[in-house]
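Derivation of every value follows stated rules applied to the coordinates shown; laboratory data play no part. What you are looking at is a predicted structure, and each value in this text was computed from that prediction instead of being measured. All Cβ positions, glycine included, derive from the backbone under ideal geometry; neighbour counts span all protein chains shown.
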Amino acid sequence: MDSTRPLLVEAMEYLAKSRRDSCAICAERNRDDAFERLTVALVPGTRYSTTPSAPLTKGDEPNELGSSSLSTDSIGFHFRFHTSTDHLVGVSAENWTPDSIAMAWSTAEPGTEFEGELELVGYPYGDGPTYLYSPSEGRVQVQCRLVSLRAIASR
């Protein structure tokens, strides 16, 4: 994620501006600028590894890991993985996370931090090739397949 991080940070800033802007045209322009950057940075097949300073955190949503290093005060950045028992329509079976890897997530408490590797997967019904944006919830959800995942011991 290091090489695309500047684009992702800019995109999140544009989305945050779009939520604050009272001008509908300006808000749409900011969203479009954000989507351009997200589309360049979040390409299907791209692999990301966590770093000690940027772990992923289990939240309350099914099969999601949050990235506090990319989230802003008003926009959350989340990776959503898919399994044989819990997947979105449009995510093909070869892009599902094996149950053996997903088990690390399912047995952890919310707030648990993880390190690992993930691969972005295509999602034909999104706002971009791998992601959805919910302006009402203020969140970006990136579709992925977990390659490896391990809970980090409490710091």
**OP:** Set Lys and Arg Cβ to +1 and Asp and Glu Cβ to -1, take the dipole of the stretch 48-155 about its Cα centre, and tell me which of Gly90, Ser68, Leu132 lies farthest positive.
**Re:** Ser68
Original post:
Hey, what number do you get for the chain at 222 nm if only DSSP H runs of n ≥ 4 count, each worth -39500 (n - 2.57), divided across all residues, to the nearest 500?
Top reply: -8500 deg cm²/dmol
Subject >> About the Cα centre, charge dipole magnitude for the stretch 44-151 (Lys/Arg +1, Asp/Glu -1 at Cβ), debye >> reply: 200 debye
Original post:
Going from the alpha-carbon gyration tensor of the chain, what semi-axes, largest first and in whole Å, does one get by taking the root of 5 times each eigenvalue?
Top reply: 26, 17, 14
Original post:
What is the antiparallel percent of DSSP beta bridges lying wholly in the stretch 44-151, to the nearest 5?
Top reply: 80 percent
Subject >> Gain upon complete extension [Met103, Glu137; 0.36 nm per residue less C-alpha separation] >> reply: 9.5 nm
Original post:
Looking only at Thr83, Thr97, Thr51, which one moves most when the chain is put into a Gaussian network model with springs between Cα atoms under 10 Å?
Top reply: Thr51
**OP:** Under 4.7 Å Cβ to Cβ, no partner at all: give me those cysteines from the chain, in residue order.
**Re:** Cys144
